[in-house]
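Trainee: One structure is given below, represented as structure tokens, and several questions about it will come after.
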Amino acid sequence: VRVRVEERVEVAIQAESAARSRVDAARVASTNKRFSAIEAAAQARAAEFTEQLSRLATDCTTSTAALQADTARLTTAADAAAAGVAAHTAQLADVNAAIAAAERALDDVQSQARRARDQAAEVAGEIRA
């Protein structure tokens, strides 16, 4: 009887050990499933973020190209405006030089006119005398 009880105890211990092993295996499987689900969700989020970053990079590249084109256009316009200002400045200098020459010519003509009047006055004075 004692041997049978011991055998039954041994069988019960083995059954309990097997049951614990199955419970542990079930826990591991459950944990693995949760980790797999978490990993799948993380990979999905990573793929979303990668796609968003790719779109942002494309948008930034497009915006940068547009800004460079705008900068080139503005630089060209600024260069043209500077050339126009330089040309107008040169024309203004020419006009100022022409005005100065005309003023000198006017002064000369006025001086000649004064001399002519003075001479005419002298001649008129001599004629009267």
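The values are calculated or read from the model by the stated rules, or taken from the named source; none is laboratory data. In this text, all values refer to a predicted model and were calculated from it rather than measured experimentally. Glycine gets a Cβ as well: all are built from the backbone with ideal geometry, and neighbour counts include every protein chain shown. Just the protein is used for accessible areas: all its heavy atoms, side chains included, with ligands, DNA and RNA removed. Shrake-Rupley method; radii C 1.70, N 1.55, O 1.52, S 1.80 Å.
Trainee: In Å², and per residue, what accessible area does the chain have when probed at 1.4 Å with the other protein chains present?
Mentor: Per-residue value: 86 Å².
Trainee: Quantify, in whole percent, the carbon and sulfur part of the accessible surface of the chain (1.4 Å probe; protein heavy atoms only).
Mentor: Heavy-atom surface of the chain belonging to carbon and sulfur, 1.4 Å probe: 61 percent.
Trainee: Taking R0 as 30 Å, what FRET efficiency do you get between THR89 and GLN110 from their Cβ-Cβ distance, rounded to the nearest 0.05?
Mentor: Efficiency, rounded to the nearest 0.05: 0.45.
Trainee: Consider the candidate values (i) -0.64, -0.83, -1.02, -1.33; (ii) -0.69, -0.81, -0.92, -1.17; (iii) -0.96, -1.02, -1.08, -1.18; state which one is log10 I(q)/I(0) by the Debye sum over Cα atoms at q = 0.14, 0.16, 0.18, 0.22 Å⁻¹ computed from the structure displayed.
Mentor: (iii)
Trainee: Once both axes come from the Cα atoms, what is the angle between helix 2-128 and the longest principal axis of the chain, in degrees from 0 to 90, rounded to 10?
Mentor: It is inclined by approximately 0 degrees.
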